[in-house]
1. Which FRET efficiency value, to the nearest 0.05, do you get for T82 and T54 by plugging their Cβ-Cβ distance into 1/(1 + (r/R0)^6) with R0 = 22 Å?
2. Taking Cα centroids, how far is segment 30-67 from segment 102-143 in Å?
3. Rg and Dmax in Å for segment 16-153, alpha carbons only: what are they?
4. Where Rh is the Kirkwood radius over the Cα pairs of segment 83-153, the temperature 20 °C and the viscosity 1.002 mPa s, what D in µm²/s does Stokes-Einstein return?
5. What is the extension gain from T151 to A63, computed as 0.36 nm multiplied by their sequence separation minus the C-alpha to C-alpha distance, in nm to one decimal?
6. Hey, with R₀ at 22 Å, roughly what FRET efficiency would K34 and S144 work out to, going by the Cβ-Cβ distance, to 0.05?
Amino acid sequence: MQLQLITLVALLGAIASASPTSGLFSKRAITCLKVGQTATATWKNAAGKTCKWTGTVGSNFGANSANGGEYSCNGRCGAGCTGSALGNVYTQDCFSHDICSWFNNASGGASDANCGAAYNAAVDDTVGGLVAGCSQSNPSNAASKPSGQPTCS
C-alpha cells in the first residue's frame, strides 16, 4: 500500500513537472491563485485576438443560460464549486478558461473555437495544481453577473 502511494505521488509529480516539449500538454506552467485575489484572465479567441478580463478569483457568476454551465468558484479546476475535481485547486489557467467560457458561451472543451486552447492549458492544472499545493477552501459567494466585458485586441 505504501509503495502504491509513493508511486502515485511520483507519477503526479512527474506529470506536474513534465517538460514543455513532452507533447502531452502544450502548456506546463502552473500558477496557483488565492480565492479573493484579483487576477486577469487571458485567452486567444477564434479570431486570433488576445482577450483579457480582470476579476476576483472564486467569484460566482451563477448559471450561464446560454450553455448551461455553472460558473461559481471561478478559477477552480472543475465545474463550479461542487463539480468533479481533485481537491479545490485554483490556478491561473483554470481562471482563464472559466472566464473565457462564460463570456463566449463555450462548450465542447478542447474543441471550442474560442476557449479550446484555454481548456487545453488548464488540463494539467487539475492534477498538477493539487501536487503544487493550489488547493484551498471554496468560497460561498452569492451569484452576481460580471460587470464589464473582456477587451480583445
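No lab work stands behind these numbers, since they all come straight from the coordinates. Please read these numbers as outputs of a predicted model, since none were measured by experiment. Positions of Cβ are backbone-derived with ideal geometry, glycine not excepted, and every protein chain shown enters the neighbour counts.
1. Numbers: r = 26 Å, r/R0 = 1.17.
Using R0 = 22 Å, I get an efficiency of 0.30.
2. Centre-to-centre (Cα) distance: 9 Å.
3. Calculated on Cα positions, Rg and Dmax stand at 13.8, 41 Å.
4. On the way: Rh = 13.3 Å.
For these conditions, the coefficient is 161 µm²/s.
5. Details: separation 88, 0.36 × 88 = 31.68 nm, distance 2.23 nm.
Length gained, T151 through A63: 29.4 nm.
6. Details: r = 19 Å, r/R0 = 0.88.
Calculated value: 0.70.
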